[in-house]
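Worksheet: one structure, shown below.
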Amino acid sequence: MLDAFGQPQSLVVLGGTSDIARAVVHALAPKRLATVVLAGRNEERLAEAAAGAKAAGVDHVPTVAFDAGQVDRAAAVVDECFAAAGGDVDVVVLAVGVLSRRELELDPERTAEVVTTGFAWPAAALTAVAARMKAQGHGRIVVLSSVAGVRVRRANFVYGATKAGLDGFAVGLGEALRGTGVAVQVVRPGFVRTRMTAGMSEAPMATTAEAVAEAVVAGLASGAPVIWVPGTLRWAFAVFRLLPPSVWRRLPG
Ligand SMILES: NC(=O)c1ccc[n+]([C@@H]2O[C@H](COP(=O)([O-])OP(=O)(O)OC[C@H]3O[C@@H](n4cnc5c(N)ncnc54)[C@H](OP(=O)(O)O)[C@@H]3O)[C@@H](O)[C@H]2O)c1
């Protein structure tokens, strides 16, 4: 159960090798975090992330292997994570995702891969998490969405579409869970300097994984249903949503 300051004792990270997720674990570790289950596909990176979490002060850091290409295994992976956490989980962070590449935007196989990893697997996994948390009567689900899904851009429309779908799904799931003791929090960062964006030219208002983590920790305390990072993007996108396509397509980033 979260304490009065919104701090969890047990955390499951789906996408435990993600730079942003690792920063979230490090931000929560010095507080009251006792168990973190890191789920991911790359065993070497998982072991490295687990060692980092332990060094940051978390006692129990089991890992669970999965590949988001296997949507039919999503519920089993979630069950495995809850079992590894000891049955009761305060917070689940979903950080799985993959960027689309412009040169592959007309490749049907790559599109299927990006959509499966960024939307189909997460939607199936979040459904399983919601059922588990509803049964335990409490919990928070933190979903890494993106401003890329708030208004989809030509530059990364396949990725943006997965985020638009995931964001809508998460908001709807949050509505469906009202009154159950379980809440969904949607995080909408702009450009974050991580492994995912390495080598790309930065968009305006670029930020760091640590800043996103700080906003997530503050969001857990406030219970805000939507967390923009940086916060100014909320107002920028209030305007961006209304721009005509002829202006929108000319904006940098
Ligand atoms: N960086 C940004 O600018 C930005 C902005 C807004 C939102 N976000 C979102 O924030 C989340 C975390 O991103 P990040 O910046 O921390 O990037 P990241 O380090 O590349 O994290 C992406 C995560 O997804 C996992 N993943 C990818 N394909 C997978 C698959 N088939 N099966 C299992 N796991 C898979 C990666 O695992 P591996 O370690 O095995 O690759 C990694 O854990 C993502 O959902 C991303 O879309 C990022």
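Positive contributions from Lys and Arg (+1) and negative ones from Asp and Glu (-1), summed over other residues with Cβ under 12 Å from the Cβ of residue 82, come out at -3. With the gyration tensor restricted to C-alpha atoms of the stretch 83-208, the semi-axes of the equivalent ellipsoid amount to 28, 15, 13 Å, longest first. Close amide H partners of residue 192, meaning residues 5 or more places away or on another chain with modelled amide H under 5 Å apart, are 207. With the charge dipole of the chain set up from +1 on Lys and Arg Cβ and -1 on Asp and Glu Cβ about the Cα centre, the Cα lying farthest toward the positive end among the listed residues 120, 150, 49 is that of 150.
Between residue 64 and 38, 39, 40, the built amide H atoms are under 5 Å apart, and every one of these is 5 or more places off in sequence or on another chain. Across the stretch 233-247, coupling constants 3J(HN,Hα) worked out from phi with the 6.51/-1.76/1.60 Karplus curve, θ = phi - 60°, read 4, 4, 6, 4, 6, 4, 7, 4, 4, 9, 5, x, x, 5, 8 Hz, and Gly and Pro carry x.
Scaled against the 2.2 N^0.38 Å expected of a compact globular protein of N residues, the Cα radius of gyration of the stretch 10-248 reads 0.96. Just checking the listed ones, 37, 13, 239: in the Gaussian network model of the chain with Cα springs under 10 Å, the one fluctuating most is 239. Each residue of the stretch 144-157 is assigned a 3J(HN,Hα), and the resulting list reads 6, 9, 6, 5, 4, x, 6, 9, 5, 10, 4, 4, 9, 5 Hz, derived from the Karplus form 6.51 cos²θ - 1.76 cosθ + 1.60 (θ = phi - 60°), x at Gly and Pro.
Where only DSSP H runs of four or more residues are counted, the chain gives -13000 deg cm²/dmol as its mean residue ellipticity at 222 nm, each run worth -39500 (n - 2.57). For a straight C-alpha distance cut-off of 28 angstrom, the lysines reachable from residue 134 (same-chain residues fewer than eight places away being disregarded) are 31, 163. What percentages make up the Cα-Cα pair-distance distribution of the stretch 1-86 when the bins are 5 Å wide from 0? Final binned percentages: 3, 16, 28, 25, 17, 8, 3, 0.
Each value in this text was obtained by applying a stated rule to the coordinates, not by laboratory testing. It should be emphasised that the depicted structure is a prediction, and the values quoted were computed from it without experimental measurement. Quick reminder, even Gly has a Cβ in these numbers, built from the backbone with ideal geometry, and neighbours come from all protein chains shown.
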